[in-house]
Amino acid sequence: MDDHSRGQAFAGPGATSTAGRRQAVADPGPIGGPAAPAARAALLVLADGRFPAGGHAHSGGVEPAVKAGRIRDARDLEAFCRGRLHTTGLTSAGLAAAAALGLDPLALDAAADARTPSPALRATARKLGRQMMRAARSTWPSPELDALAAAFPRGTHQPIVLGLAARCAGLGPEDAAHCAVYESVGGPATAAVRLLSLDPFEATAVLARLAPAMDEVAARAARAARAAREGVGALPAASAPLLDITAQAHAAWPVRLFAS
């Protein structure tokens, strides 16, 4: 499917121009607005580590960091997670919030590619996107998710699917951003427990100490997503070069516990 055909899938019947698609994005309707009280519990479902989206198989860079000796205890884990939160976490949260607002997924996919220089991480993001798409379509069936799946049969970046799933569940951009930032540190914390035999209470305490920073990053991401209605260049593009480098090396390991 070429870009024009993909755009048609999201434009809907009768909307044949880019201007028409932009108008639809500018006025996403009630689904993309603030979460109604009845939908708030959907946030817990989406953020639950048991949601079958495949994240448990990925360490978020913790496995190579442990092998290199950069993470040895809870203090190191907290420093790693804080750095990840303010870089890849912020970037992912911005993409998720933008998708929850109803911005053009074609533009968001291109923006995600541009913000993911590592080929290994791009492949991981799309694989996780495919897995999340399967879970999301089973949980919250919707034409928007069907259109995204048809436009990207090999998968789009996971934060985009996450944001659209949040939208289809009746959640808003802040909710999607919170899911993304929690995921950016929750997965690594869980991986550290397995890799280091770290006390799970210590790992949970790390996440609790990071909670104020998670709130701050989610708010920044949601603000940026609203600004991105005028262009996706407004989305965060914070980078973590060491994560990119170690992801490439990790992908070549003959034996590893985590997929990434």
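Worth a mention:
- Carbon and sulfur %, accessible surface of the stretch 36-181 computed with the full protein complex present, 1.4 Å: 57 percent
- Averaging the sequence gap over all C-alpha pairs within less than 8 Å and six or more residues apart, then dividing by the number of residues, gives the chain a relative contact order of 33 percent.
- Tail weight of P(r) past 34 Å, computed on alpha-carbon pairs of the chain, percent: 14 percent
- Whether the stretch 152-217 is rounded, prolate or oblate, judged on the alpha carbon gyration tensor where a/c under 1.5 counts as rounded: oblate
- Over 16 Å [Cα-Cα, the stretch 198-260], rounded percent: 69 percent
- 3J(HN,Hα) couplings calculated from phi for the stretch 64-73 with the Karplus curve 6.51 cos²θ - 1.76 cosθ + 1.60 (θ = phi - 60°) are, in sequence order, x, 5, 5, 4, 7, x, 7, 10, 10, 7 Hz; Gly and Pro show x.
- Per-selection Rg to Rh, the stretch 100-248 - Cα, Kirkwood hydrodynamic radius: 0.97
- Helix-only [θ]222 nm of the chain, DSSP H runs n ≥ 4, -39500 (n - 2.57) each, per residue, nearest 500: -20500 deg cm²/dmol
- Residues Phe201, Phe51 ordered from highest to lowest accessible area at a 1.4 Å probe: Phe201, Phe51.
- Within-14-Å neighbourhood charge of Ala57 [Cβ basis; K, R +1; D, E -1]: +3
- When peptides 57-64, 242-249 are ranked by their average number of other Cβ atoms within 10 Å per residue, the highest-first order is 57-64, 242-249.
The values are calculated or read from the model by the stated rules, or taken from the named source; none is laboratory data. None of these values were measured; they are calculated from a predicted model. For neighbour counting, all protein chains shown are included, and Cβ atoms are generated from backbone atoms with ideal geometry for every residue, glycine included. Surface accessibility is based on the protein's heavy atoms, side chains included, excluding ligands, DNA and RNA. Shrake-Rupley method; radii C 1.70, N 1.55, O 1.52, S 1.80 Å.
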